[in-house]
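As structure tokens, the structure follows; a few thoughts come after it.
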Protein chains: 4
Amino acid sequence: MDEPGSIWTQAGHELPQRVYFEDTDFSGRVYHARYLHFMERGRSDYLRLIGIHHHALAAEGRVFAVRHMAIDFLKPATIDDVLTVRTSTVKATGARVVLRQEVRRGDEVLVAATVTVALVGARGRPVKLPPAARDALAARSGTNG
Amino acid sequence: MDEPGSIWTQAGHELPQRVYFEDTDFSGRVYHARYLHFMERGRSDYLRLIGIHHHALAAEGRVFAVRHMAIDFLKPATIDDVLTVRTSTVKATGARVVLRQEVRRGDEVLVAATVTVALVGARGRPVKLPPAARDALAARSGTNG
Amino acid sequence: MDEPGSIWTQAGHELPQRVYFEDTDFSGRVYHARYLHFMERGRSDYLRLIGIHHHALAAEGRVFAVRHMAIDFLKPATIDDVLTVRTSTVKATGARVVLRQEVRRGDEVLVAATVTVALVGARGRPVKLPPAARDALAARSGTNG
Amino acid sequence: MDEPGSIWTQAGHELPQRVYFEDTDFSGRVYHARYLHFMERGRSDYLRLIGIHHHALAAEGRVFAVRHMAIDFLKPATIDDVLTVRTSTVKATGARVVLRQEVRRGDEVLVAATVTVALVGARGRPVKLPPAARDALAARSGTNG
């Protein structure tokens, strides 16, 4: 099944996401940790669309784990906003994938992040990316990567 | 702008929702409180599509607050599932709206709830629904209400 | 190790919980689904203190799943509040435990709920409560049950 | 009122935090974004204990906003773990505070982060830290800062 709303652009994968009550805090803005949820949804759809499924990995005892994030929170989002999560590969080598992610509202970049994820096995040990997955990720490096 | 993915059916409003990492817990299933998030998103889109916007209400010092929920958790959802949140009005009177909501996976009902929300003002006092909103809500009572 | 802050009273188990940014939404109040998190923490500590540990259950392929909740949201909590989650057993029979839970701020009851949880096995099938656990739960029925 | 569980050590402020169902995901480990919640609770208690209260700031139209985070996710936490959030000031100048935070389990560092927060006013504009707050923060720079 196609991912509803997901599209591929020259800049990478884009997933639209609405801001709901749950995403905001008493300051009236989106709670900072919620952007990590938006970005994780973007990564999951990005991976799924290039053929990598969490439940299939899990059946083999493998899972993607986040290793490092550097995040700039530039401008706030608020209730009812429609945001776009843009994801592209910076590099994919060994067990690691480095992604560039942005949360945007139209042309404004609200949050920009570099995210390193690793494929790990049952004991948390790094597992080499299957060559097909690595090549599919590498092919998706965006012009903003 | 149209709500991406939202549709109206004979049974009410339907919003598709993907299950992501954030929604699951170590039992391998969706964490029970996350269904309330899915249902809140369904209610927000339902209200928005009949012309009720949270940010516009907030600008007038009004907000919808949940007063009561009765929830049956019938079957578990898991990672990567695509769920449908179905929402219809049971009744809309005074400051209160009673909604019937279901979280479904295809034809299976995973979670079924009756939800009472009230429009409240700055001090938490109930505020009468504007007649246009009340009528729009009443017109949307589904056949499964 | 003792549960920090947990105490037993005539009315049952009490767990103090601070309201943080993450718990609030743009209305300035605690987001309704967050009370379910507070109550789940209360149940987990309640169970742990009578000798039932989630990780030990999980090692045997068992987990507690919420089956039903009826919740009244009576008054709002706000940032920096210190709340108390009060938990007591209503009944414990077969695979099911019915609990009474309240989220309080001092003497005010903000949220009151009846919660039914069931012990389930790997396929989601109900599993009988071990007699020792059932008896320990039954012994903890509070005067407000 | 004293913060339950909070203590001051030579290394800074320490807040114990239990891992509950809500914090885990289907991989069996704590969901990466949840560590930001733990760290935000640590920062809030750290600030409160040196006399900075979110609700008092909010009454003046001010709020702390996260500007930047660099986070290393080193080792996973799991259900029932008791973690310690350690917080110390790196520097406090103008409107900005740079903090060093760690999430630990005993002597193990599971997550290490550098967090920049800024005090902002109603329009999101930076607001100078009150001198008393800046001095109190500077006095709390830990030996691990």
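The values are calculated or read from the model by the stated rules, or taken from the named source; none is laboratory data. Fair warning: this is a prediction, and the values are worked out from it, not measured in the lab. Please note: Cβ atoms are built from the backbone with ideal geometry, for glycine as well, and neighbour counts cover all protein chains shown.
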**Q.** In segment C:18-39, the residues that are under 25 Å from residue C:118 (Cα atoms) and touching a helix residue (DSSP H, G or I) at 6+ places or on another chain (Cβ under 6 Å)
**A.** C:33, C:34, C:37
Q | Filter pass, residue B:129 being surrounded by 13 or more Cβ atoms within 10 Å (Cβ to Cβ) and in a loop (DSSP other than H, G, I, E, B) | A | yes
Q | Yes/no for residue B:27 being touching a strand residue (DSSP E or B) at 6+ places or on another chain (Cβ under 6 Å) and polar (S, T, N, Q) | A | yes
Q) Looking at segment B:10-28, which of its residues are farther than 21 Å from residue A:43 by Cα and touching a Gly at 6+ places or on another chain (Cβ under 9 Å)? A) B:10, B:11, B:12, B:13, B:14, B:15
**Q.** Members of segment C:71-95 that are surrounded by fewer than 17 Cβ atoms within 10 Å (Cβ to Cβ) and farther than 23 Å from residue C:11 by Cα
**A.** C:94
**Q.** Hits in segment D:40-61 (condition: crowded, with 23+ Cβ neighbours inside 10 Å and among the small types (Gly, Ala, Ser))
**A.** D:42, D:44
**Q.** Unmet criterion (only one of (1) surrounded by 23 or more Cβ atoms within 10 Å (Cβ to Cβ); (2) touching a residue at least 12 places away in the same chain (Cβ under 8 Å); (3) more than 20 Å from residue C:124 (Cα to Cα)) for residue B:68
**A.** (1)
Q.
Give me the residue from segment D:96-123 that is of a type outside the set (Asp, Glu) and more than 22 Å from residue A:70 (Cβ to Cβ) and, out of that set, surrounded by the most Cβ atoms within 10 Å (Cβ to Cβ).
A. D:119
Q) Within segment B:100-137, which residues are in contact with a strand residue (DSSP E or B) (Cβ under 7 Å, 6 or more places away or on another chain), farther than 22 Å from residue B:84 by Cα and more than 14 Å from every other protein chain (Cβ to nearest Cβ)? A) B:129, B:134
Q. What are the pairs, 6+ residues apart or on separate chains, where a residue within segment D:115-141 that is under 19 Å from residue D:11 (Cα atoms) has its Cβ under 7 Å from a residue that is of a type in the set (Lys, Arg)?
A. D:116/D:67; D:116/D:96
Q.
Six or more apart or on different chains, Cβ atoms under 7 Å: show the pairs whose first residue is in segment C:4-23 and more than 19 Å from residue C:80 (Cβ to Cβ) and of a type in the set (A, V, I, L, M) and whose second is modelled with pLDDT of 85 or more and part of a strand (DSSP E or B).
A. C:7/C:14; C:11/C:86; C:11/C:88
